[in-house]
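The values are calculated or read from the model by the stated rules, or taken from the named source; none is laboratory data. Worth saying up front: this structure is predicted, and the values here are computed from it rather than measured. Reconstructed Cβ throughout: ideal geometry from the backbone, glycine too, with neighbour counts over all protein chains shown.
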Amino acid sequence: MRARHVKQLFSEVEAFANAINKELGEQAIKLHRALNPKNLGGIEVPDAARLALESRAFPFLTHDPAAGPALSRSRVAASYRERSAAPSLYLLYARRLVESGRTTEGLQAARAILENYRRAGESQHASAALALVVSTVGARALPDLLAAAGSPDRAFRGSALNLAGRIPGSEATLRWVEKAGTAPPDVRADVVAMLGQRGDAVALPFVRESLRSADETVRLAAIPAATRLGGPAVLPDLLPLLGSADAVESAALRTALLGYPAPLVVPEAARLLDSTPPPAKAALVEVLGEKGASGEIESIYRLAEDADPALRDASLRALAHLVGDADLPRLVAMLEKAAETDTIVRLREAITAAALRNPDPEQRGESLLGLLKTTTSAGKIEILKVLPRVGGAGRALAGRWPGGRRPTGRRPSGRHPVVRERA
């Protein structure tokens, strides 16, 4: 009895080989059916043999309404190669079912992929299946998205959250808020970020609450989301976070504060400057600098000599936004005394920025030339290094030096050659 079935099987294999050569699918479908143990008297075909045969048959099977079992079976206890090849074909099969009007069967196949392709490196298959479900049933796919958003696989979770925008409306937004409220911190953070991008103000109370979360990941997501949803109304919620913010959270707060108009944020930044500890103080300094808060320049000068390197660097970068021609003598004096390379670089940048703010391009180097008469040798050397970066200093570079002598040599530290340094 079994011999007859085996003989029949090999007959089908031979026919399949001929079908492949002729690029016909009918025999491939017959082969799949022949491999069913029920048609072989109970004989189980080894996985390796089945893969070798069905891997050629699968492309044809996507056209066959009866091929679902063959395509779905590859997801269970299959080899790596088969699991890699089958889902895209199974998804194609599901898509063709939907396109042909067999929506229920197509959704069943897509959800089978969602359920079974969850291993590492397989999330792209589940993501594609989820997209098919959403495009097929629209708002009715919200439960599928909410379930996927709770996945520990962040790539798959991200796909679900990216698809969330396809189901608009405040009712859906509130479902997402409900989901995030009971989710672990990593999931809550991702949902909060999505809610910010979604732009539905109905989520603002929940996002505001997330600003006070004990988990920094949630707060980092809530800062830009709250800014986007609440605008100026959430500034009082953001400012208290500065008191305990670390470097990462301070950077997020800095970005958020820079999104507000200067008249709104500068007074608050100036008010909190002295009472805020590092590193958030550095963030406030950068906000004052980038917002052009020239009225706070004395505070910035003071912090430019602070012992904290990060605060000092932030203050020197802020000065480059605030200084003008009148500040050049003070900046050159600071540069004469500077010993650290980073400080020297920042001060040169500030001096260049101050000179370039002269509205007359032909006069931008004249103030620096005037300082050559009164500054020390170290100051002269530094001025000469900055002049090539400033337009309108052509006569100086051509040999017009006060007193007829061109300074040469090195800084007292001996580190910086004068003539050969490039701008």
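Annotations for the structure displayed:
- Residues that are part of a loop (DSSP other than H, G, I, E, B) and of a type in the set (Lys, Arg), drawn from segment 95-128: Arg102, Arg118, Arg119
For every residue, the table says whether it meets (1) surrounded by fewer than 20 Cβ atoms within 10 Å (Cβ to Cβ); (2) modelled with pLDDT of 95 or more; (3) not in a helix (DSSP H, G or I).
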| site | (1), (2), (3) |
| --- | --- |
| Val133 | no, yes, no |
| Arg140 | yes, yes, no |
| Ala147 | yes, yes, no |
| Pro152 | yes, no, yes |
| Glu178 | yes, yes, no |
| Ala189 | no, yes, no |
| Val192 | no, yes, no |
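- Answer from Ala283, Ala304, Ala318 - the residue that is under 19 Å from Arg346 (Cβ atoms) and more than 27 Å from the chain's Cα centre (by Cα): Ala304
- Filtered residues of segment 255-270 (kept if out of contact with any Pro (no Cβ under 8 Å at 6 or more places or on another chain) and within 15 Å of Gly231 (Cα to Cα)): Leu257, Leu258, Gly259, Pro261, Ala262, Pro263, Val265
- Among the residues here, Leu92 does not qualify as in contact with a Lys or Arg (Cβ under 6 Å, 6 or more places away or on another chain), surrounded by fewer than 20 Cβ atoms within 10 Å (Cβ to Cβ) and either assigned to a helix (DSSP H, G or I) or at pLDDT 95 or above (or both).
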